[in-house]
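The values are calculated or read from the model by the stated rules, or taken from the named source; none is laboratory data. Given the structure is predicted, the values throughout are model-derived calculations rather than measurements. With ideal geometry, Cβ positions are generated from the backbone for all residues, glycine too; neighbour counts draw on all protein chains shown.
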Amino acid sequence: MKDKSILILGGDNRSLYLGEFLEKHNFNICYYAFNQTDCYNTLFDAINDCDFIVLPLPFTRDRVTLNAPLFDERVLISDIYALASPEKTFFGGQLPKSFCEELDARSSSYYDYLLLDEFAIYNAVPTAEGVIMVLIEELPITIHGMRCAVTGYGKVGKVLALALKALGADVTVFARKEQAFADAFSKSVKCRYISELSATNNDFDVLINTVPTKILGSEELDRLNPDCVLVEIASAPFGIDFQSAKERAFKVIKASSLPGKVAPKSAAEIIGRSILPIIRARGYSD
């Protein structure tokens, strides 16, 4: 069996916790692009010596350099893919299409763990807890009795609706599919069609959007009470029309990357649990 070497390349505290998690599974963990841990001296040596390269979430913030907030130097994305080869497998979060195309050209395998079903399911729990933290910090009322709207009833919407309901909130979810209505009914959660957001007046203390497609434009916002707080947790292009919300003086909270902010160690373990099956499937066992 080949030596089990995994490179943790850049990122925040989640990446360091991820290294600890994988080390507990008996993998040889190496690091690059960190100030506060033993690291390779060069990117070339780091990638050359490891079979698996785990990139951060998000992979980049400017599409030019690696997201490495715990490192004093810049790491160019172009320098990373220049070292790719068929023997290397890359994992990362929010991998740009251009980076994936460069890896394809070099016959390197890659996985965007943000797109893995396992990741989305695991990640729903710390995301929901993060939303609850935001509500406690930002609203002047208790969650118990709070009138909450949750737009979207996917993996995050389901966990969030149940968590809020368990805390005594008055929860209404907005969905499109009949399957969502059936699931919500089985859990005693009120469910309405998303189309009703623009057809009827809606009186909520807070609306949390989980849909990454614009569903809250001027018509929908005009149907909300002006004191409703809008919380956006979806990824781009987002579900809330921020300009329309600003024009109507709504308080909007962009609450992205909640797991990494609320529970970085748990967020790291979620990444680890999501990529371990792929590593094992390639002949590496712990």
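At a glance:
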quantity	calculated
Residues located in segment 223-243, provided they are without any contact (Cβ under 8 Å) to a residue 40 or more places away in the chain and among the β-branched types (Val, Ile, Thr)	Ile240
Pick from segment 185-229, criterion of a type in the set (Asp, Glu) and in contact with a Ser or Thr (Cβ under 6 Å, 6 or more places away or on another chain), ranking: nearest to Val150 (Cα to Cα)	Glu220
Residue satisfying condition, being among the hydroxyl-bearing types (Ser, Thr, Tyr), touching a residue at least 60 places away in the same chain (Cβ under 8 Å) and either surrounded by fewer than 21 Cβ atoms within 10 Å (Cβ to Cβ) or out of contact with any strand residue (DSSP E or B) (no Cβ under 7 Å at 6 or more places or on another chain) (or both), within set Tyr40, Tyr17	Tyr17
Residues satisfying the stated conditions in segment 83-117, i.e. modelled with pLDDT of 95 or more, crowded, with 20+ Cβ neighbours inside 10 Å and either assigned to a loop (DSSP other than H, G, I, E, B) or of a type in the set (Gly, Ala, Ser) (or both)	Ala84, Lys88, Gly92, Leu95
Residue among Lys214, Lys246 that alone is touching a strand residue (DSSP E or B) at 6+ places or on another chain (Cβ under 9 Å) and without any contact (Cβ under 8 Å) to a residue 12 or more places away in the chain	Lys246
Number of positions in segment 125-145 that are of a type in the set (S, T, N, Q) and either within 17 Å of Asp170 (Cβ to Cβ) or not in a helix (DSSP H, G or I) (or both)	1
Residue in segment 65-82 that is part of a loop (DSSP other than H, G, I, E, B), hydroxyl-bearing (Ser, Thr, Tyr) and either surrounded by fewer than 16 Cβ atoms within 10 Å (Cβ to Cβ) or at pLDDT 95 or above (or both) present	no
Boolean, Phe204 is under 25 Å from the mean Cα position of the chain (by Cα), among the aromatic types (Phe, Trp, Tyr) and either assigned to a loop (DSSP other than H, G, I, E, B) or at pLDDT 95 or above (or both)	no
Of all residues making up segment 236-273, the number that are outside any loop (DSSP other than H, G, I, E, B) and either farther than 18 Å from Ile208 by Cβ or not β-branched (Val, Ile, Thr) (or both)	21
Matching option when the condition is surrounded by 20 or more Cβ atoms within 10 Å (Cβ to Cβ) and in contact with a Pro (Cβ under 9 Å, 6 or more places away or on another chain), among Ile240, Ile208, Ile270	Ile270
Residue in segment 175-185 that is among the basic types (Lys, Arg) and either under 15 Å from Val229 (Cβ atoms) or part of a loop (DSSP other than H, G, I, E, B) (or both) present	yes
